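Asks: Please read through the structure below; I'll follow up with questions.
Every number here is computed from the coordinates shown, using simple stated rules; none is lab data. Given the structure is predicted, the values throughout are model-derived calculations rather than measurements. Counting neighbours? That spans all protein chains shown, and the Cβs are built from the backbone with ideal geometry, glycine included.
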Amino acid sequence: MSKQFSFAALAGASCITLAALATPPAAAAPALAAPGAPIATLFSGTTSFAHTARCSQGPAGVVRTPDGQAQRVMVTAAHCFEVKGEQVEPVVYAPVRANGGVEYPRVGAVEKQRTEFALGNGELMDFYRIIDEPDWAVVRLDPGVEASGTSTSLDQKGRGPSAPVAITGVKDYRNLGPGELISIDNAGQPICKDGMRTGRSCGVQLFRTQNFVWHFGVRYESGDSGGINYDPRTGEAIGLSIVGLGPLGNSQQVDRALEDAYGIPDGQVNQAFTPATPAERADFAPLYEDIGQFSPEAPETVDGPQPREMLDNAVMGAQADAAQLSAEAAQLPSAPNPVAAAQDLAGRADAAARGRAGEVRAAIDEYLR
């Protein structure tokens, strides 16, 4: 907002300028829209957050619609607003620590939401439609609500936080063609998630359908829904946590959500959506504190990283070492002294393998304890 000055104030302009220089700018409020952070909803006709739905946040940023409008948004799962037997208000709140307890400032309201597939007469394609039915909601942020582009999370007992990851953009998969039910062009690629229930976990992509990336090893639990899924190598947002069946799960593709919500052409999502910049996040309350206001049986906090996070980090560290050493090995023939370079590489590889093996073993012991 521009400021207007009257001519009468011109005489004191130098004093105003000096005062302005001496006064530091007001700090932005901590971000309430932040990937991996918790959200709460309200049922119609109540002002109490006791026993209402809890979910997690997906990516936040600015979307530019084809008609030239720019909107500040956060993407999450549609089913967070579809609780059986209840009417859920299409408004998002964030549980944050404040005034010695947990408060629920408003984040924004649902602006766009999935359109359910129309079913036919029980033909084979109906089964495909059911398992590939989109599950996204776009929340328009309220004025004054800050957003962060950094993904991190605490688990339900307050363990963590996971290491911050800057979200750099959206993984823009090509849309499947007519009659193309699945694609394996993503098979073997890594995927990680942040969520308010189980914190961070990582796995591997298996295949994808029109709306979902299917993966193994990530593991979702109730409350992780809507949380960001991303590529740990690039920081690109892949999807939103939707359904977990043990180690098998699926992630609503963020590119499909934005394309469908705003009519963005395939392949142009990153021209239309810009993730929020990294920013200080609000002091989000973990689930045990949130529900502890309403139930004395809430679990106590446990300090330190989750066992699963420790194991994921140890394995990913070993994979990173292996990739780096492999790249160095490929350069050995062009080294000034290939023999000496190979001996040095072998020594460092042995040391790295021994160190990483100890980390992985310790993480496995902690995970199985």
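Asks: Going down the list K84/K193; K157/K193; K171/K193, which pairs span over 23 Å between their C-alpha atoms?
Replies: Distance filter (> 23 Å) returns K84/K193.
Asks: Dimensions of region 38-305 along principal axes (Cα, Å, largest first)?
Replies: Taking max minus min along each principal axis of the Cα atoms, region 38-305 gives 56, 41, 41 Å.
Asks: Per-residue counts of other Cβ atoms within 10 Å, averaged by peptide: what ranking do you get for 156-165, 51-60, highest first? Each step should come with its number before you reach the end.
Replies: Values: 156-165: 19.3, 51-60: 26.0.
Highest-to-lowest ranking by the protection proxy: 51-60, 156-165.
Asks: Okay, next question. For region 175-230, calculate the relative contact order in percent as a whole number, restricting contacts to Cα pairs under 8 Å that are 6 or more residues apart.
Replies: Working: 106 pairs, mean separation 19.9, N = 56.
Rounded, it is 36 percent for region 175-230.
Asks: What is the spin-label model distance, in nm, from N175 to S334 if the labels are put 7 Å beyond Cα along the C-beta direction?
Replies: With each label placed 7 Å out from Cα toward Cβ, I get 4.2 nm.
Asks: Sticking with this structure for a sec: Would you work out which of T41, S201, I264 lies farthest towards the positive end of the dipole of region 38-305? Charges go on Cβ: Lys and Arg +1, Asp and Glu -1.
Replies: S201
Asks: For region 127-278, what Kirkwood radius comes out of the mean inverse Cα-Cα distance, in Å?
Replies: In region 127-278 this quantity evaluates to 15.7 Å.
Asks: Continuing with the same structure: Apply 1/(1 + (r/R0)^6) to the Cβ-Cβ distance of A166 and Q343, taking R0 = 30 Å, and write down the FRET efficiency to the nearest 0.05.
Replies: Efficiency computed from Cβ-Cβ geometry: 0.20.
Asks: I would also like to ask the following. Between region 189-204 and region 63-78, how far is it from one alpha carbon centroid to the other, in angstrom?
Replies: Cα centroid of region 189-204 versus Cα centroid of region 63-78: 25 Å apart.
Asks: Sort 72-79, 88-95, 261-268 for me by packing, meaning the mean count of neighbouring Cβ atoms within 10 Å per residue, highest on top.
Replies: With the highest mean Cβ count within 10 Å placed first, the list reads 72-79, 88-95, 261-268.
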